[in-house]
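The values are calculated or read from the model by the stated rules, or taken from the named source; none is laboratory data. Predicted model, so just to flag it, every value in this text is computed and none were measured. Because the Cβ atoms are built from the backbone with ideal geometry, glycine has one as well, and the counts that use them run over all protein chains shown. These accessible areas exclude ligands, DNA and RNA; they are computed on the full protein's heavy atoms, side chains included. Shrake-Rupley method; radii C 1.70, N 1.55, O 1.52, S 1.80 Å.
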Amino acid sequence: MSTFKELGLNSQILQALTDLGFETPTEIQLKAIPQVLSSKQDLKAFAQTGTGKTAAFSLPILEQIDVNSNDVQAIILSPTRELAMQIASNIVEFSKHLKGVKTLAVYGGASIEDQVRKLNKGVQIIVGTPGRTVDLINRKQLKLSNLKWLILDEADEMLNMGFKDELDKILAVTPKEKQTLLFSATFPKEVEGIAKAYLKNPIEISAGEKNKGTDQVSHQYYVVSERNRYNAIKRIADVNPDIYSIIFCRTRRETQEIADKLISDGYNVDALHGDLSQAQRDSVMEKFRNKTLQILVATDVAARGLDVTDLTHVINHKLPDQIEAYTHRSGRTGRAGKEGISIAIVTVREKSKLHPIERLIGKKFISTPIPTGKEICQNQLLKLIDKVQDIKVNETEISDFLPSIYEKLKDLDREELIKKFVSIEFNTFLTYYQNAPDLNDSEQMRGVDRNSDRGSKRRDDENMTRFFINIGKKDKLNPARLIGLINDQRIAKNIEIGQIEILDTFSFFELDKTYEKETMSAFGGNDVDFEGRSVNVEITTKQRTGQARSGGGGGFRGGDRGPRKRTGDSDRGNDRKRFGDGDRKPKTDFGGFGRKRPGAPGTIAKSTFGSDQNPKRRKRI
Ligand code: AMP
């Protein structure tokens with residue numbers, strides 16, 4: 001059986017699939033659809049995101065749904081409202097030629113009264129988030145006593161999000177005789193636990209190996225120092241003029257910060273995270289889906305419901321805390337048979353986190369050098385030439401102007417003319433990247449211990465100032481408390497902390513040289529006290545001594561823990577837009593691709609991508 005028809009679906013469903021352009025079933029559909037059509041046995045399915053699992057469980061249910069009954073017959077539980085909405089809208093599309101099928105998504109953050117009203121009109125298929133589903137059950141508005149199918153979608157994510165209690169409550173009000181289908185991309189022991197508790201003698205099916213990523217994704221990593229993490233992202237965007245990507249961050253705050261920086265650097269980006277209202281999230285997702293936005297900076301949870309099939313790249317700004325989340329992230333690309341690249345940006349300390357992920361996905365990360373300025377210029381130039389080749393000339397509109405233009409340019413030969421026209425856009429990019437430094441942390445790539453005297457001089461040294469502080473271990477100081485003390489002085493937002501050495505009665509720490517004065521005046525002016533001792537800070541030499549380190553019990557590279565970020569500070573930190581070794585990024589007039597060109601409509605490559613509206617002037621939703 002290799003067609004939807006052969007799987008046993010009726011002609012109305014087949015018509016809907018044809019309308020959607022689904023020609024052949026995917027592996028999970030081939031396995032799940034006949035199984036659910038022909039048997040009431042529970043099902044446990046290993047399926048990655050993007051493998052077509054929504055249709056795999058929805059189509060056989062639609063085939064069997066009783067449209068003459070107004071009872072809820074199927075409930076699909078999903079971890080996020082975005083995913084719930086996505087699944088419900090897929091089901092509506094699959095059933096558009098079936099008369100009388102009513103589907104409803106129920107999720108938090110939207111009016112419960114509205115949902116109750118719709119429920120009361122009679123709904124056969126519910127797609128719900130666990131929290132709202134329990135609410136509706138408690139209010140006696142949702143009755144599941146005649147349920148025939150229960151689907152747990154993205155079960156691993158539901159457990160990660162702490163929905164175990166809600167699942168138990170929902171399961172308790174469903175009839176014993178029903179078919180339960182559990183879909184999960186990963187099967188940690190918690191998911192195995194609920195499979196054991198909720199499924200009776202399930203048949204197991206799998207699309208791809210358990211916990212493995214899709215084959216279409218290649219995994220790359222870039223080694224950078226902490227301070228270059230952001231610049232690496234910009235280079236990835238610049239070297240891939242047609243990038244269409246999600247940058248994953250670990251926290252909402254980090255997500256917003258990275259998005260803000262990219263927006264103010266002229267990239268065509270927005271943020272998606274849980275601090276946004278539902279309307280804001282919908283609007284951002286819509287812009288990303290229709291490619292008005294080229295890059296989305298998102299948290300793991302917020303990106304769950306996003307159904308985009310043709311991402312070119314997934315970028316891990318930092319690796320996720322839970323390695324299973326990496327498969328979810330990278331699974332956003334390489335979908336529906338397309339190829340994709342998943343990039344991890346790591347410091348040397350984080351490199352060790354790649355091995356467990358490699359074991360999980362069954363693939364090796366490829367060490368990849370960060371693109372050089374020259375490579376970026378080359379790619380951008382080629383893109384520009386493509387634009388020239390593809391541009392449509394409006395013969396009628398332009399004809400009036402041509403004679404005077406020809407007259408003005410008559411002394412230039414063909415080569416000169418080409419060079420000059422291309423340079424109009426290219427020069428700014430060229431200037432910008434002319435002296436761009438190598439961002440690859442080559443010391444780190446070679447695995448040299450950065451804190452070791454054997455290593456060559458640390459490349460960050462010149463950007464750091466070393467401070468002496470008159471407190472140490474005897475005062476119960478440790479690196480974390482010292483970082484806290486530094487942060488308490490509110491020196492600047494995003495200030496980078498370098499090496500910390502805690503000795504018995506005094507210590508040393510390094511801070512970004514840019515804030516040398518601010519650091520001194522913060523510690524001097526604040527009358528700082530630590531464990532009853534008055535704190536004194538002085539600038540000291542950068543020389544680290546072997547004695548200091550052995551006395552201090554080993555160096556601590558605070559910088560690798562990420563820049564310290566705090567609220568309430570001035571925006572000074574954000575203003576410090578570094579390009580490579582600290583050059584301020586010049587305003588580029590290049591109509592880049594990962595970036596938007598300020599002003600001048602009509603000159604940016606539209607390609608498939610959005611408007612050339614200046615992102616700085618875009619109204620924030
Ligand atoms: P899912 O894993 O259900 O989120 O599906 C991933 C993407 O693949 C969605 O955009 C679906 O519309 C698409 N898709 C699912 N099944 C098929 C199919 N048989 N042929 C083409 N596209 C499909």
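Within segment 58-73, is there a residue that is within 13 Å of the ligand (Cβ to nearest atom) and within 21 Å of K40 (Cβ to Cβ)? Reasoning before the result, please.
Filtering segment 58-73 down to residues within 13 Å of the ligand (Cβ to nearest atom) leaves 58-59.
With the extra rule that they be within 21 Å of K40 (Cβ to Cβ), the set shrinks to 58-59.
Checking segment 58-73: at least one residue is within 13 Å of the ligand (Cβ to nearest atom) and within 21 Å of K40 (Cβ to Cβ).
How many of the residues making up segment 410-428 are touching a Lys or Arg at 6+ places or on another chain (Cβ under 9 Å) and in contact (Cβ under 8 Å) with a residue 24 or more places away in the chain? Give the steps one after another, and end with the answer.
Going residue by residue through segment 410-428, those that are touching a Lys or Arg at 6+ places or on another chain (Cβ under 9 Å) are 412, 425, 428.
With the extra rule that they be in contact (Cβ under 8 Å) with a residue 24 or more places away in the chain, the set shrinks to 425, 428.
Adding up the residues that qualify gives 2.
From the list I491, I486, exactly one residue is in a helix (DSSP H, G or I), within 23 Å of E257 (Cα to Cα), open to solvent by less than 10 Å² (accessible area, probe 1.4 Å) and touching a residue at least 24 places away in the same chain (Cβ under 8 Å). Which is it? Show your work before the answer.
Numbers: I491 fails: in a helix (DSSP H, G or I).
Going through I491, I486 in turn, the sole match is I486.
Cβ-Cβ distance below 6 Å, separation of 6 or more or different chains: which pairs start in segment 242-262 with a residue that is over 15 Å from T333 (Cα atoms) and end on one that is small (G, A, S) and assigned to a strand (DSSP E or B)?
Final answer for the pair search is T255/A271; Q256/A271; A259/A271.
Taking segment 90-105, which residues are under 20 Å from M158 (Cβ atoms) and within 13 Å of the ligand (Cβ to nearest atom)?
Passing the criteria: N90, I91.
Note down all Cβ pairs under 7 Å where the first residue falls in segment 381-401 and is within 19 Å of I418 (Cβ to Cβ), the second is open to solvent by less than 90 Å² (accessible area, probe 1.4 Å), and they're at least six residues apart or on different chains.
L381/F426; K383/P241; K383/F593; K383/A605; L384/V422; L384/E425; L384/F426; K387/A605
Check Q86, Q73, Q29, Q64 and return the single one that is over 18 Å from I126 (Cβ atoms) and either open to solvent by 50 Å² or more (accessible area, probe 1.4 Å) or not β-branched (V, I, T) (or both). Before you say what the answer is, go through the steps one by one.
Working: Q86 fails: over 18 Å from I126 (Cβ atoms); Q73 fails: over 18 Å from I126 (Cβ atoms); Q64 fails: over 18 Å from I126 (Cβ atoms).
Going through Q86, Q73, Q29, Q64 in turn, just one is over 18 Å from I126 (Cβ atoms) and either open to solvent by 50 Å² or more (accessible area, probe 1.4 Å) or not β-branched (V, I, T) (or both): Q29.
Among the numbered criteria (1) within 12 Å of the ligand (Cβ to nearest atom); (2) open to solvent by less than 60 Å² (accessible area, probe 1.4 Å), which single criterion is violated by D42?
(1)
Of the residues that sit in segment 10-26 and are open to solvent by less than 70 Å² (accessible area, probe 1.4 Å) and over 16 Å from V92 (Cβ atoms), which one is farthest from the ligand (Cβ to nearest atom)?
N10
Could you list all residues from segment 463-490 that are farther than 23 Å from G532 by Cβ and under 32 Å from the mean Cα position of the chain (by Cα)? So that I can check it myself, show each step before the final result.
From segment 463-490, those farther than 23 Å from G532 by Cβ are 463-466; that's our starting set.
Those that are farther than 23 Å from G532 by Cβ and under 32 Å from the mean Cα position of the chain (by Cα): N463, M464.
Go through segment 313-363 and give me each residue that's within 16 Å of the ligand (Cβ to nearest atom), of a type outside the set (G, A, S) and within 24 Å of K291 (Cβ to Cβ). Please lay out each step first, then the result.
Filtering segment 313-363 for residues within 16 Å of the ligand (Cβ to nearest atom) gives 314, 327-340.
Restricting the remaining residues to those that are of a type outside the set (G, A, S) gives 314, 327-329, 332-333, 335, 338-339.
Scanning segment 313-363 gives V314, H328, R329, R332, T333, R335, K338, E339.
Whether any residue in segment 546-558 is modelled with pLDDT of 80 or more and among the aromatic types (F, W, Y) is what I want to check. Can you show your working first?
Of segment 546-558, the ones modelled with pLDDT of 80 or more are none.
No, the conditions are met nowhere in segment 546-558.
Being free of Cβ contacts under 8 Å to residues at least 60 places away in the same chain, surrounded by 18 or more Cβ atoms within 10 Å (Cβ to Cβ) and among the charged types (D, E, K, R) is the requirement here; does D300 meet it?
Values: free of Cβ contacts under 8 Å to residues at least 60 places away in the same chain: yes; surrounded by 18 or more Cβ atoms within 10 Å (Cβ to Cβ): yes; among the charged types (D, E, K, R): yes.
Criteria met by D300.
Identify, by number, the condition in (1) closer than 30 Å to T309 by Cβ; (2) open to solvent by 10 Å² or more (accessible area, probe 1.4 Å); (3) in a helix (DSSP H, G or I); (4) among the aliphatic types (A, V, I, L, M) that V116 doesn't meet.
Looking at each condition in turn, V116 falls short on (1).
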